[in-house]
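Asker: First the structure, which I've put down as structure tokens, then a few questions once you've had a look.
The values are calculated or read from the model by the stated rules, or taken from the named source; none is laboratory data. The shown structure was predicted, so the numbers you read here are calculated from the model rather than taken from an experiment. Don't worry about glycine lacking a Cβ; one is built from the backbone with ideal geometry, like all the others, and counts go over all protein chains shown. To get the accessible areas, we keep the full protein, side chains included, count just its heavy atoms, and leave off ligands, DNA and RNA. Shrake-Rupley method; radii C 1.70, N 1.55, O 1.52, S 1.80 Å.
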Amino acid sequence: MPSTVEYVDSLSPWPKDGFGLGRITALLAELGDPQRRYPSIHVVGTNGKSTVARTTEELLSREGLSVGAYLSPHVRSWSERIRVRGQEAEFEAAIDRVKSTAALHETTQFELVTAAALAEFAVAKVDVAVVEAGLGGRHDATNVLRSPVQVLTNVSLEHTDVLGTTRQAIAAEKLAVVQPGSTVVLGEPEWEELARAAGAAMIVHAGQSNLALALAAAEAFLGRPAEGHVDVHLPGRLERRRQEPLEIWDGAHNLGGVGYILARLPTARYVVVASILADKDVDGMLAALSALGDRLIATSSTSERALTGPELAERARPYFREVEAIGDPAEALTRARGFGEPILVTGSLYLLADLAKDESSRWRTLATG
């Protein structure tokens, strides 16, 4: 019999019959609608959602509240996704609580984990949950909350086959989570009209800082000022894996995300190890990454949407002086480390998760040795 984690891994993240709220709504109803037992702050947007959600969680915790947080995707383990009172929840127990009911509704992987998180928060009797959306908003499995506050971090072109081909269309999909009379925190002021049309009673313009967005969300929920000095670090977000030579992992997976890290990376010439999904702005991302160094090692990931190493290498040659294709991510990273120069591993959170899983497996092998 497969373990709980193996069962979750076996599920498809994509619905067979299209996106929609039918499956998650029916599942939660059978579970007693746990998501209605506490208020939530709903975080949507293209980039920065996890950081904003974690920072909001930390801010509210410091104000004395019992806080649940739901994040995606993960880098090191599934347990990163469900947090209660500042700690990772017992992931397998949370899944086991809803698994049999979820199977009756043929839920997707994301729907199952979302239901598990929402039920876990109810069992833990949290005061508030901070919930990060997965894809878009309107048809996302998280669009079932009782949320007095929503956050839209920013909007870039992404998942255009599902969300629309313009930033305006994508913003409308994300802001479909707005509930009548709620407060909407915006990172970009251009979406105020859409937010008001969706039913927002109050708009807070917080700017593009993740901390500012989180602080505005926390204060909107509390109805008063909050202490704003927190320092949150997430796996795979400008994560320093080695100091000498410097090695940084960041899951920037679109052009906006690459632009964000370009302004924040330590000044150096990097060997870039990258995997990029085929439905992203591949050329735009490669052109931006080429500002960091002359050498790129193109690899792939376990995502079915990832370009192969040779495919990515072919796309990268106009932008980098030296390009190699190494399909196995661990081998690609080993090759990069052989140069003895600073390394940036980026392009996909799936890549980082694959590398983290490989490193964990090797450590277990050494420990049992």
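Asker: Taking the condition of being open to solvent by less than 50 Å² (accessible area, probe 1.4 Å) and within 21 Å of the chain's Cα centre (by Cα), how many residues in segment 336-357 meet it?
Answerer: Residues in segment 336-357 being open to solvent by less than 50 Å² (accessible area, probe 1.4 Å) and within 21 Å of the chain's Cα centre (by Cα): 12 in total.
Asker: Which of the residues that make up segment 140-159 are over 17 Å from the mean Cα position of the chain (by Cα) and open to solvent by less than 50 Å² (accessible area, probe 1.4 Å)?
Answerer: V144, L145, S147, V149
Asker: Being charged (D, E, K, R), buried (at least 16 other Cβ atoms within 10 Å of the Cβ) and not in a helix (DSSP H, G or I) is the filter here, so list the residues in segment 315-335 that pass it.
Answerer: E324
Asker: Then there's this: Take the residues of segment 266-309 that are acidic (D, E) and more than 15 Å from F320 (Cα to Cα): which is surrounded by the most Cβ atoms within 10 Å (Cβ to Cβ)?
Answerer: D281
Asker: Is it the case, given these coordinates, that S100 is at pLDDT below 95 and of a type in the set (G, A, S)?
Answerer: In short, no.
Asker: Can you name every residue in segment 160-180 that is over 24 Å from R54 (Cα atoms) and open to solvent by less than 50 Å² (accessible area, probe 1.4 Å)?
Answerer: L163, G164, A169, A172
Asker: Could I ask something else about it? Return the residues of segment 282-321 that are more than 23 Å from the chain's Cα centre (by Cα) and in contact (Cβ under 8 Å) with a residue 60 or more places away in the chain; say none if nothing qualifies.
Answerer: Scanning segment 282-321 gives no hits.
Asker: To continue, here is another question. What are the residues in segment 62-105 that are touching a Lys or Arg at 6+ places or on another chain (Cβ under 7 Å) and polar (S, T, N, Q), if any?
Answerer: Of everything in segment 62-105, those that are touching a Lys or Arg at 6+ places or on another chain (Cβ under 7 Å) and polar (S, T, N, Q) turn out to be S66, S72.
Asker: Go through segment 181-199 and give me each residue that's open to solvent by 10 Å² or more (accessible area, probe 1.4 Å), within 21 Å of A169 (Cβ to Cβ) and not in a helix (DSSP H, G or I).
Answerer: E188, A198, G199
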